[in-house]
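Please read the structure below before turning to the comments.
The values are calculated or read from the model by the stated rules, or taken from the named source; none is laboratory data. In this text the structure is predicted, and so the values were computed from the model without any measurement. Glycine gets a Cβ as well: all are built from the backbone with ideal geometry, and neighbour counts include every protein chain shown.
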Amino acid sequence: MNCIEFRRQVGTAPRTQSDELLAHRQSCPTCARLADEMQSMDSVLEQAFKVDVPASLSEPAALLAGVRQGGAAQRFHRAWYALAASVLVGVGLVTGLWLGQTSSDLPAELIAHVLHEPESLNPDLPIVEFSRVSNILERGRVSLLGDIGDVRYAGLCMFRGNSVAHLVVRGERGPITVMLLPDERVSETMAFNEEGFQGVIVPTRRGSIAIIGDPDELLGSVREQFSRSVEFSI
Amino acid sequence: MSDAAKQRQFETLVGPLAPDLFRYAYWLSRDRQLAEDVVQETMIRAWKSLDRLRDAASVKHWLFTIVRREHARTFERKRFDTVDIDTPGMMDDNLASPDWNHNVHDVREALGKMETDYREPLVLQVLLGHSVREIGALMELGEGAVLTRLFRARKKLKAILEDKPSSPGWKENR
């Protein structure tokens, strides 16, 4: 084996071992040094690649539970989506007002989105780790200025063609959905009550915040907390 | 297949691969949440197809392929795979630096700056122990192209790290 072949092998697979490689290594100090350094590089690389794995995937019981629940949630999700879509189409046909009126579409589209993700309304969801909430907010172009309380669901969702943060917090009556909408502007606060939900869309300096909950829920404190604690990035 | 048998098969054939699949997905996307979602989706598909899954080797290839495709689908990214079989620069004496003292944090940062086309074969080989043939099958590349990418990946990594002074000391920082 010559230096070219040795370096080709070491450069593509530093941990490869063979009698030929060993023999060349013993006879060529320069190549031996190169091989040592490449192996050191691969050891650090291996450690670098070993990022922590979330418990949902590393613990067998959690993994199995996730798969079982995930399958069920997906089926539920699709059924709800079909139902929500048919409700919207039906309402549109009857009233003739739903399509083409951007601001009045917003509440219906928000509710359709909530129905599209029914798992977000599970009242038993655990508190989401802050790092995940923070990551979702950042990707949803939201800066956190203060405390928003315990978040039970955090997802980055496509809404009207934009990635937005979709959070759920716990209210007095049940889950309260908070959609942070940097690309939606309303001229004034819009309250709505339909499809078994009540909601409010609050204008902010850039974009708006939608809060949706049970018809009997008091949304005021969540509204105040989020209005005070979040800001949209440019 | 009974539920208990299905569960046993899942725990034997699929479950142990979940951490590796997550790390692979993470280094494709560098997004923990996305990687978790992609692997969860892959696990659900595996659960639904357990009746058809038999031997460990084909299950492994199948799962890694799903993760790869799911990731590509998520980004709706068309991949332009090259067939570069030349080996320029393989006599480069500066492949490894004289003092390889970069820490895990530096290397992770450098990996983040590297194109996925180079990072991917590296994680498959170094962390997941795939052979060149297995990497080629997964990435739909010839073995020569895989070897070239592996070589260039290490060279690129070194170049990126040399642009930045290494952090003092050697410490693990996971």
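Just wondering, is there one or more residues in region A:17-26 that are within 30 Å of residue B:36 (Cα to Cα), outside any helix (DSSP H, G or I) and small (Gly, Ala, Ser)?
No, every residue in region A:17-26 fails to be within 30 Å of residue B:36 (Cα to Cα), outside any helix (DSSP H, G or I) and small (Gly, Ala, Ser).
Every residue, every condition in (1) at pLDDT below 85; (2) within 14 Å of the chain's Cα centre (by Cα), yes or no:
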position: B:118; (1), (2): no, yes
position: B:123; (1), (2): no, yes
position: B:147; (1), (2): no, no
position: B:151; (1), (2): no, no
position: B:156; (1), (2): no, no
position: B:162; (1), (2): yes, no
position: B:166; (1), (2): yes, no
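Determine if region B:24-35 includes at least one residue that is in contact (Cβ under 8 Å) with a residue 60 or more places away in the chain, within 14 Å of the chain's Cα centre (by Cα) and under 15 Å from residue B:62 (Cα atoms). Break it down stepwise before answering.
The first filter runs over region B:24-35 and keeps only residues in contact (Cβ under 8 Å) with a residue 60 or more places away in the chain, leaving B:24, B:27-28, B:30.
This time we only want the ones that are within 14 Å of the chain's Cα centre (by Cα), so: B:24, B:27-28, B:30.
Now restrict to residues that are under 15 Å from residue B:62 (Cα atoms): B:24.
For region B:24-35, residues in contact (Cβ under 8 Å) with a residue 60 or more places away in the chain, within 14 Å of the chain's Cα centre (by Cα) and under 15 Å from residue B:62 (Cα atoms): present.
Would you list the strands (runs of 3 or more DSSP E) that sit entirely within region A:121-224 and hold 1 or more residues that are under 23 Å from residue B:74 (Cα atoms) and either modelled with pLDDT under 90 or aliphatic (A, V, I, L, M) (or both)?
So the answer is A:142-144, A:151-159, A:162-170, A:175-181.
Tell me which of these residue B:57 doesn't satisfy, since it passes every other one: (1) in contact (Cβ under 8 Å) with a residue 40 or more places away in the chain; (2) more than 12 Å from every other protein chain (Cβ to nearest Cβ).
If we test residue B:57 against (1) in contact (Cβ under 8 Å) with a residue 40 or more places away in the chain; (2) more than 12 Å from every other protein chain (Cβ to nearest Cβ), just (1) comes out false.
Residues checked against (1) more than 9 Å from chain B (Cβ to nearest Cβ); (2) modelled with pLDDT of 85 or more; (3) touching a strand residue (DSSP E or B) at 6+ places or on another chain (Cβ under 9 Å):
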site: A:4; (1), (2), (3): no, no, no
site: A:9; (1), (2), (3): yes, no, no
site: A:13; (1), (2), (3): no, yes, no
site: A:17; (1), (2), (3): yes, no, no
site: A:24; (1), (2), (3): yes, yes, no
site: A:27; (1), (2), (3): yes, yes, no
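Return the total of residues in region B:25-55 being in a loop (DSSP other than H, G, I, E, B) and either touching an Asp or Glu at 6+ places or on another chain (Cβ under 7 Å) or not aliphatic (A, V, I, L, M) (or both).
Matching residues across region B:25-55 total 5.
Cβ-Cβ below 6 Å, separation at least six or inter-chain, first residue in region A:5-19 and closer than 16 Å to residue B:130 by Cα, second at pLDDT 80 or above and basic (Lys, Arg): which pairs?
No pair meets every condition.
What pairs can you find where one residue is in region B:125-149 and at the interface with chain A (Cβ under 10 Å from one of its Cβ atoms), the other is surrounded by 22 or more Cβ atoms within 10 Å (Cβ to Cβ) and among the aliphatic types (A, V, I, L, M), and their Cβ atoms are less than 7 Å apart, with a gap of 6+ or different chains?
B:125/B:135; B:125/B:150; B:126/A:45; B:132/B:146; B:132/B:147; B:146/B:135
Would you check if there is a residue in region B:36-45 being surrounded by fewer than 22 Cβ atoms within 10 Å (Cβ to Cβ), more than 19 Å from residue A:55 (Cβ to Cβ) and within 9 Å of another protein chain (Cβ to nearest Cβ)?
No: zero hits.
When residue B:97 is evaluated against the numbered criteria (1) modelled with pLDDT of 85 or more; (2) touching an Asp or Glu at 6+ places or on another chain (Cβ under 9 Å), which criterion, by number, is the only one it fails?
Tallying (1) modelled with pLDDT of 85 or more; (2) touching an Asp or Glu at 6+ places or on another chain (Cβ under 9 Å), residue B:97 fails exactly one: (1).
Take the residues of region A:27-57 that are assigned to a loop (DSSP other than H, G, I, E, B) and in contact with a Phe, Trp or Tyr (Cβ under 8 Å, 6 or more places away or on another chain): which is nearest to residue A:131 (Cα to Cα)?
Going through the qualifying residues, I end up with A:54.
Looking for something surrounded by fewer than 20 Cβ atoms within 10 Å (Cβ to Cβ), closer than 23 Å to residue A:123 by Cα and more than 23 Å from the chain's Cα centre (by Cα) - is there at least one such residue anywhere in region A:222-230?
So far as region A:222-230 goes, yes, one or more of its residues are surrounded by fewer than 20 Cβ atoms within 10 Å (Cβ to Cβ), closer than 23 Å to residue A:123 by Cα and more than 23 Å from the chain's Cα centre (by Cα).
Being within 24 Å of residue A:161 (Cα to Cα) and either out of contact with any Gly (no Cβ under 7 Å at 6 or more places or on another chain) or among the acidic types (Asp, Glu) (or both) is the filter here; which residues of region A:200-227 pass it?
Correct list: A:200, A:201, A:202, A:203, A:204, A:205, A:206, A:207, A:208, A:209, A:226, A:227.
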